[in-house]
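Written below as structure tokens is the structure these notes are about.
The values are calculated or read from the model by the stated rules, or taken from the named source; none is laboratory data. This structure is a prediction, so every number in the text was calculated from the model and none was measured. Here the Cβ positions follow ideal geometry from the backbone for every residue, glycine too, while neighbour counts run over all protein chains shown.
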């Protein structure tokens, strides 16, 4: 049988490779982005309670209405955007499914999608699967700042979408109000849509605000905004997220969503709805993860790695150019096998595998694990 791959250059993701290697050699896994601690007991109990009550069949295609109502209340409170739970919010099977559905709903064969790299590695395959053309704009270490004039030079009559991510995975940088206003000016009088990946919206440090696309009406009218319960409530394996977009965009998004997964996990949605009605503990996340960032940075202070400022997410970048001139993938593999700590090479977030001798560590871990990792990396 002859098979023509839609993704001929795609193999196993770097996250699977490095987590597999870490497991194989018994290394501390700071590569893949997941916490090594559980969500709150109350949230776990709510899931079980809803299962016992019978919430074990399909939920409505857009998601449970009480959960969409809680989300609408939260977003109005945080960002001032008034949302209609019926038309503007769709619950998804995680942020990645929402990203794929948003791209698949609007990108036609030959359409161009601008990717600001380094970026989450699902963007490009999603674009290429539906026949789109990824147009990368590469940032450089250590500041990873965007020159919006240069981005504007990439816009052509074929540009259909531009993807942004704030706080950014893997860099830990933020888009600020000036960035969002510049983007809005850049796209004015165009048909370019924005995919605004905001899954780390609550993991921002040093008192910085989150510049959500929801805050800027002229930007929101062309945006599909993606969020993740997994990142907010320490339950990445539950794979539940949501997409917020104006009604005309949500309608098209749901056309793909309903034939992609139809609906997201029912008892989890019911549990999140109840939990959000009882608690707004996501407001504690900045301090919670900032403490972990600081613990890890102190643990790494005696190493030869050079920290790159982290303003958000639960990822910390380190420059290792003073240690080795090895390619970053080889260096990460050696860290794992020889020193017992797994990281991710940042070149894997670039289309052209741009190698700035920078690696990414995940600090969504317990204090003892972070401090132990620092001790092991002192030997590098």
Of the conditions (1) within 23 Å of residue 23 (Cβ to Cβ); (2) assigned by TED's automatic domain parsing to the domain that holds residue 241, residue 344 fails just one. Which one is it? (2)
Scan the stretch 99-135 for residues that are in a loop (DSSP other than H, G, I, E, B), in contact (Cβ under 8 Å) with a residue 24 or more places away in the chain and more than 23 Å from residue 33 (Cα to Cα) and jot them down. 107, 108, 110, 111, 130, 131, 132
Give me a count of the residues in the stretch 300-319 that are more than 17 Å from residue 375 (Cβ to Cβ), touching a residue at least 40 places away in the same chain (Cβ under 8 Å) and over 21 Å from the mean Cα position of the chain (by Cα). 1
How many residues of the stretch 1-35 are touching a residue at least 60 places away in the same chain (Cβ under 8 Å) and touching a helix residue (DSSP H, G or I) at 6+ places or on another chain (Cβ under 9 Å)? The answer is 19
Which residue out of 162, 195 is in contact (Cβ under 8 Å) with a residue 60 or more places away in the chain, under 22 Å from the mean Cα position of the chain (by Cα), assigned to a strand (DSSP E or B) and crowded, with 24+ Cβ neighbours inside 10 Å? 195
Filter the stretch 99-135 down to the residues that are closer than 12 Å to residue 256 by Cα and under 14 Å from the mean Cα position of the chain (by Cα) and list them by number. 99, 100
Just to confirm my filter: which helices (runs of 4 or more DSSP H) fall fully inside the stretch 198-285 and include at least 2 residues that are within 15 Å of the chain's Cα centre (by Cα) and surrounded by 24 or more Cβ atoms within 10 Å (Cβ to Cβ)? 229-233
Number of positions in the stretch 321-380 that are buried (at least 17 other Cβ atoms within 10 Å of the Cβ) and at positive phi: 2
Identify all residues within the stretch 68-81 that are surrounded by 17 or more Cβ atoms within 10 Å (Cβ to Cβ) and under 30 Å from residue 171 (Cβ atoms); write none if there are none. 71, 75, 78, 79, 81
Filter the stretch 10-30 down to residues that are in a loop (DSSP other than H, G, I, E, B) and either under 21 Å from residue 125 (Cα atoms) or outside the structural domain of residue 350 (by TED's automatic domain parsing) (or both), then give me how many there are. 4
Quick one: in the stretch 82-116, of everything that is touching a helix residue (DSSP H, G or I) at 6+ places or on another chain (Cβ under 8 Å) and surrounded by fewer than 19 Cβ atoms within 10 Å (Cβ to Cβ), which residue is nearest to residue 6 (Cα to Cα)? 87
Go through the stretch 42-54 and count every residue that is over 14 Å from residue 274 (Cβ atoms) and part of a helix (DSSP H, G or I). 0
Going residue by residue through the stretch 11-33, is there one that turns out to be farther than 23 Å from residue 336 by Cα and out of contact with any strand residue (DSSP E or B) (no Cβ under 9 Å at 6 or more places or on another chain)? no
List every residue pair whose Cβ atoms lie under 6 Å apart, where the two residues are 6 or more positions apart in sequence or sit on different chains, the first residue falls within the stretch 38-53 and is assigned by TED's automatic domain parsing to the domain that holds residue 229 and surrounded by 11 or more Cβ atoms within 10 Å (Cβ to Cβ), and the second residue, located anywhere, is part of a helix (DSSP H, G or I) and at pLDDT below 95. none
Of everything in the stretch 55-67, what is part of a helix (DSSP H, G or I) and either without any contact (Cβ under 8 Å) to a residue 60 or more places away in the chain or surrounded by fewer than 20 Cβ atoms within 10 Å (Cβ to Cβ) (or both)? Give them in sequence order. 65, 66
